[in-house]
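The values are calculated or read from the model by the stated rules, or taken from the named source; none is laboratory data. No experiment lies behind these values; they were computed from the predicted model shown. Note that each Cβ is placed from the backbone with ideal geometry, even for glycine, and that neighbours are counted across all protein chains shown.
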Amino acid sequence: MKKKIDNLPNKIPVFPLSNFIIFPRTTVPLNIFEPRYIDMIDDAMKSNRIIGMVQPKESNQNVPNLYNIGCAGRITSFNETNDGRYLIVLVGISRFKIVEELKNNKLYRECSVDFSDFNFDLEENKEEIKFSELKPIFNELKSLFNKEGYTINWKELEKQSLDQTINALSMASPFSLEEKQALLETNNLNDRRKKLEKILLTYTVDNFSNKTLQ
(Lines give C-alpha, C1' and ligand atoms only; values in the text may rest on other atoms or scores of the structure.)
Protein backbone atom coordinates (compact mmCIF):
# COMPACT_ATOMS: atom_id res chain seq x y z
CA MET A 1 0.00 0.00 0.00
CA LYS A 2 2.86 2.37 0.80
CA LYS A 3 4.14 1.89 -2.74
CA LYS A 4 0.81 3.06 -4.19
CA ILE A 5 0.81 6.14 -1.96
CA ASP A 6 4.37 6.90 -3.03
CA ASN A 7 3.25 6.82 -6.67
CA LEU A 8 0.85 9.71 -6.11
CA PRO A 9 2.17 13.24 -6.71
CA ASN A 10 2.82 15.59 -3.79
CA LYS A 11 1.85 18.59 -5.93
CA ILE A 12 -1.40 18.75 -7.88
CA PRO A 13 -3.55 21.36 -9.63
CA VAL A 14 -6.80 21.96 -7.77
CA PHE A 15 -10.26 22.65 -9.16
CA PRO A 16 -12.43 24.46 -6.56
CA LEU A 17 -16.07 23.60 -7.15
CA SER A 18 -18.91 24.33 -4.71
CA ASN A 19 -21.35 21.58 -3.72
CA PHE A 20 -19.32 19.05 -5.66
CA ILE A 21 -17.40 16.12 -4.21
CA ILE A 22 -16.00 12.88 -5.59
CA PHE A 23 -14.90 9.71 -3.85
CA PRO A 24 -12.29 7.09 -4.74
CA ARG A 25 -13.45 4.76 -7.52
CA THR A 26 -16.38 6.99 -8.44
CA THR A 27 -16.71 8.30 -11.99
CA VAL A 28 -17.96 11.77 -12.87
CA PRO A 29 -18.24 13.73 -16.13
CA LEU A 30 -17.11 17.36 -16.17
CA ASN A 31 -17.74 20.15 -18.65
CA ILE A 32 -14.70 22.45 -18.68
CA PHE A 33 -15.09 25.89 -20.24
CA GLU A 34 -13.27 28.51 -18.13
CA PRO A 35 -9.87 29.46 -19.66
CA ARG A 36 -7.97 28.80 -16.41
CA TYR A 37 -9.35 25.27 -16.16
CA ILE A 38 -8.82 24.65 -19.86
CA ASP A 39 -5.14 25.43 -19.13
CA MET A 40 -5.24 23.13 -16.10
CA ILE A 41 -6.57 20.21 -18.13
CA ASP A 42 -4.02 20.87 -20.90
CA ASP A 43 -1.18 20.65 -18.38
CA ALA A 44 -2.65 17.61 -16.62
CA MET A 45 -3.00 15.73 -19.92
CA LYS A 46 0.70 16.36 -20.60
CA SER A 47 1.73 14.81 -17.26
CA ASN A 48 -0.06 12.35 -14.95
CA ARG A 49 -3.66 13.39 -15.79
CA ILE A 50 -4.35 13.92 -12.08
CA ILE A 51 -6.28 16.90 -10.71
CA GLY A 52 -7.66 17.59 -7.25
CA MET A 53 -11.31 18.38 -6.65
CA VAL A 54 -11.82 20.52 -3.56
CA GLN A 55 -14.68 22.64 -2.26
CA PRO A 56 -14.22 26.38 -1.64
CA LYS A 57 -15.40 27.64 1.74
CA GLU A 58 -17.00 30.67 0.08
CA SER A 59 -18.67 30.56 -3.32
CA ASN A 60 -18.79 34.32 -3.92
CA GLN A 61 -15.08 35.11 -3.97
CA ASN A 62 -12.69 35.06 -6.92
CA VAL A 63 -9.94 33.36 -4.90
CA PRO A 64 -11.86 31.62 -2.11
CA ASN A 65 -10.35 29.83 0.86
CA LEU A 66 -10.36 26.07 0.36
CA TYR A 67 -11.34 23.21 2.61
CA ASN A 68 -8.32 21.19 3.73
CA ILE A 69 -9.66 17.88 2.43
CA GLY A 70 -10.33 17.10 -1.23
CA CYS A 71 -10.17 14.10 -3.56
CA ALA A 72 -7.79 13.53 -6.45
CA GLY A 73 -9.03 12.06 -9.69
CA ARG A 74 -7.46 10.84 -12.92
CA ILE A 75 -8.77 11.95 -16.31
CA THR A 76 -9.77 8.77 -18.14
CA SER A 77 -11.63 10.32 -21.08
CA PHE A 78 -11.07 13.57 -22.93
CA ASN A 79 -13.01 15.19 -25.77
CA GLU A 80 -12.92 18.71 -27.19
CA THR A 81 -16.10 20.30 -28.53
CA ASN A 82 -16.39 22.54 -31.58
CA ASP A 83 -16.77 25.60 -29.34
CA GLY A 84 -13.56 24.88 -27.41
CA ARG A 85 -14.97 23.22 -24.29
CA TYR A 86 -13.44 20.07 -22.81
CA LEU A 87 -15.65 17.15 -21.87
CA ILE A 88 -13.73 14.91 -19.50
CA VAL A 89 -14.42 11.90 -17.31
CA LEU A 90 -12.73 11.86 -13.93
CA VAL A 91 -12.24 8.74 -11.80
CA GLY A 92 -11.57 9.26 -8.10
CA ILE A 93 -8.26 7.93 -6.76
CA SER A 94 -7.78 9.03 -3.16
CA ARG A 95 -8.63 11.84 -0.81
CA PHE A 96 -5.86 14.19 0.25
CA LYS A 97 -5.04 16.87 2.79
CA ILE A 98 -3.78 20.23 1.59
CA VAL A 99 -0.39 21.02 3.12
CA GLU A 100 -0.09 24.46 1.58
CA GLU A 101 -1.07 26.39 -1.52
CA LEU A 102 1.84 27.00 -3.87
CA LYS A 103 2.68 30.24 -5.60
CA ASN A 104 2.82 29.94 -9.36
CA ASN A 105 2.49 32.01 -12.52
CA LYS A 106 -0.42 29.98 -13.86
CA LEU A 107 -4.08 30.86 -14.19
CA TYR A 108 -5.12 27.97 -11.94
CA ARG A 109 -4.19 27.06 -8.37
CA GLU A 110 -1.77 24.35 -7.24
CA CYS A 111 -1.29 22.80 -3.83
CA SER A 112 1.19 20.67 -2.00
CA VAL A 113 -0.83 17.69 -0.76
CA ASP A 114 -0.50 14.67 1.52
CA PHE A 115 -2.35 11.40 0.81
CA SER A 116 -1.04 9.45 3.82
CA ASP A 117 -4.11 9.97 6.04
CA PHE A 118 -6.25 8.23 3.42
CA ASN A 119 -4.13 5.25 2.36
CA PHE A 120 -7.18 3.00 2.88
CA ASP A 121 -8.83 4.80 -0.06
CA LEU A 122 -6.57 2.72 -2.31
CA GLU A 123 -7.58 -0.59 -0.77
CA GLU A 124 -10.00 -2.87 -2.57
CA ASN A 125 -11.43 -4.37 0.63
CA LYS A 126 -15.14 -3.75 0.86
CA GLU A 127 -16.72 -3.00 4.21
CA GLU A 128 -19.58 -5.14 5.45
CA ILE A 129 -22.80 -3.18 4.98
CA LYS A 130 -26.15 -4.87 4.54
CA PHE A 131 -28.68 -3.58 2.02
CA SER A 132 -31.27 -3.56 4.81
CA GLU A 133 -29.18 -0.84 6.49
CA LEU A 134 -29.45 1.26 3.34
CA LYS A 135 -33.19 0.85 2.79
CA PRO A 136 -34.23 3.64 5.23
CA ILE A 137 -31.67 5.96 3.61
CA PHE A 138 -33.01 5.09 0.17
CA ASN A 139 -36.58 5.87 1.19
CA GLU A 140 -35.68 9.20 2.80
CA LEU A 141 -33.48 10.24 -0.12
CA LYS A 142 -36.14 9.36 -2.69
CA SER A 143 -38.55 11.66 -0.88
CA LEU A 144 -35.97 14.44 -0.60
CA PHE A 145 -34.86 14.12 -4.24
CA ASN A 146 -38.47 14.28 -5.43
CA LYS A 147 -39.15 17.36 -3.31
CA GLU A 148 -36.06 19.13 -4.65
CA GLY A 149 -36.88 18.18 -8.25
CA TYR A 150 -33.83 15.93 -8.69
CA THR A 151 -34.07 13.02 -11.12
CA ILE A 152 -32.25 9.81 -10.24
CA ASN A 153 -32.32 6.46 -12.05
CA TRP A 154 -32.90 4.43 -8.88
CA LYS A 155 -33.04 1.07 -10.64
CA GLU A 156 -29.59 1.62 -12.14
CA LEU A 157 -28.28 2.86 -8.80
CA GLU A 158 -29.50 -0.27 -7.03
CA LYS A 159 -27.46 -2.43 -9.43
CA GLN A 160 -24.23 -0.95 -8.07
CA SER A 161 -22.29 -2.27 -5.10
CA LEU A 162 -23.33 -0.81 -1.75
CA ASP A 163 -20.16 1.25 -1.40
CA GLN A 164 -20.68 2.74 -4.86
CA THR A 165 -24.33 3.42 -3.99
CA ILE A 166 -23.50 5.25 -0.76
CA ASN A 167 -20.83 7.33 -2.46
CA ALA A 168 -23.04 8.13 -5.45
CA LEU A 169 -25.88 9.25 -3.19
CA SER A 170 -23.50 11.38 -1.10
CA MET A 171 -22.25 13.08 -4.27
CA ALA A 172 -25.62 13.58 -5.95
CA SER A 173 -27.70 14.55 -2.93
CA PRO A 174 -29.11 18.10 -2.66
CA PHE A 175 -27.20 18.82 0.55
CA SER A 176 -25.38 21.98 1.53
CA LEU A 177 -21.70 22.58 0.82
CA GLU A 178 -20.88 21.97 4.50
CA GLU A 179 -22.90 18.75 4.64
CA LYS A 180 -21.19 17.37 1.54
CA GLN A 181 -17.80 18.25 3.01
CA ALA A 182 -18.70 16.37 6.19
CA LEU A 183 -19.54 13.32 4.08
CA LEU A 184 -16.27 13.61 2.17
CA GLU A 185 -14.25 13.72 5.40
CA THR A 186 -15.81 10.62 7.00
CA ASN A 187 -13.24 7.96 7.90
CA ASN A 188 -14.92 5.02 6.21
CA LEU A 189 -18.05 3.78 4.50
CA ASN A 190 -19.91 2.91 7.68
CA ASP A 191 -19.24 6.38 9.08
CA ARG A 192 -20.47 7.83 5.78
CA ARG A 193 -23.71 5.85 6.04
CA LYS A 194 -24.24 7.08 9.60
CA LYS A 195 -23.51 10.67 8.58
CA LEU A 196 -26.01 10.35 5.72
CA GLU A 197 -28.65 9.18 8.17
CA LYS A 198 -27.86 12.05 10.54
CA ILE A 199 -28.09 14.67 7.78
CA LEU A 200 -31.33 13.19 6.45
CA LEU A 201 -32.81 13.30 9.94
CA THR A 202 -32.35 17.08 10.06
CA TYR A 203 -34.20 17.41 6.74
CA THR A 204 -37.02 15.19 8.03
CA VAL A 205 -37.30 17.23 11.23
CA ASP A 206 -37.26 20.50 9.25
CA ASN A 207 -39.99 19.23 6.95
CA PHE A 208 -42.09 18.12 9.90
CA SER A 209 -41.59 21.47 11.63
CA ASN A 210 -42.55 23.35 8.50
CA LYS A 211 -45.71 21.32 8.11
CA THR A 212 -46.77 21.85 11.71
CA LEU A 213 -46.18 25.60 11.53
CA GLN A 214 -48.39 26.08 8.50
message: If I filter segment 30-53 down to residues being in contact (Cβ under 8 Å) with a residue 40 or more places away in the chain and not hydrophobic (A, V, I, L, M, F, W, C), which single residue comes out as surrounded by the most Cβ atoms within 10 Å (Cβ to Cβ)?
response: 52
Enumeration of residues in segment 166-185 that are buried (at least 17 other Cβ atoms within 10 Å of the Cβ) and of a type in the set (S, T, N, Q): 167, 170, 173, 181
- request: Report the residue count in segment 175-200 for those that are touching a residue at least 12 places away in the same chain (Cβ under 8 Å) and among the hydroxyl-bearing types (Ser, Thr, Tyr).
  value: 1
message: Being among the β-branched types (Val, Ile, Thr), in a loop (DSSP other than H, G, I, E, B) and at pLDDT 95 or above is the filter here; which residues of segment 52-70 pass it?
response: none
message: List pairs: first residue in segment 17-29 and at positive phi, second residue aliphatic (A, V, I, L, M) and modelled with pLDDT under 95 anywhere in the structure, Cβ distance under 7 angstrom, at least six positions apart or on different chains.
response: 19/177
message: Name the single residue that is farthest from residue 102 (Cα to Cα) among those in segment 1-28 being among the hydroxyl-bearing types (Ser, Thr, Tyr) and part of a loop (DSSP other than H, G, I, E, B).
response: 26
- request: For residue 117, state whether it is closer than 23 Å to residue 90 by Cβ and either among the hydrophobic types (A, V, I, L, M, F, W, C) or at pLDDT 90 or above (or both).
  value: yes
- request: With the condition kept exactly as written, say whether any residue in segment 29-51 is aromatic (Phe, Trp, Tyr), more than 23 Å from residue 167 (Cα to Cα) and outside any helix (DSSP H, G or I).
  value: yes
message: Any residue at all in segment 41-49 that's more than 19 Å from the chain's Cα centre (by Cα), among the hydroxyl-bearing types (Ser, Thr, Tyr) and over 24 Å from residue 117 (Cα atoms)?
response: yes
- request: Quick one: count up the residues across segment 88-106 that are surrounded by fewer than 14 Cβ atoms within 10 Å (Cβ to Cβ) and either under 20 Å from the mean Cα position of the chain (by Cα) or free of Cβ contacts under 8 Å to residues at least 40 places away in the same chain (or both).
  value: 5
message: Looking at 4, 57, can you tell me which residue is surrounded by 12 or more Cβ atoms within 10 Å (Cβ to Cβ), within 19 Å of the chain's Cα centre (by Cα) and not small (Gly, Ala, Ser)?
response: 57
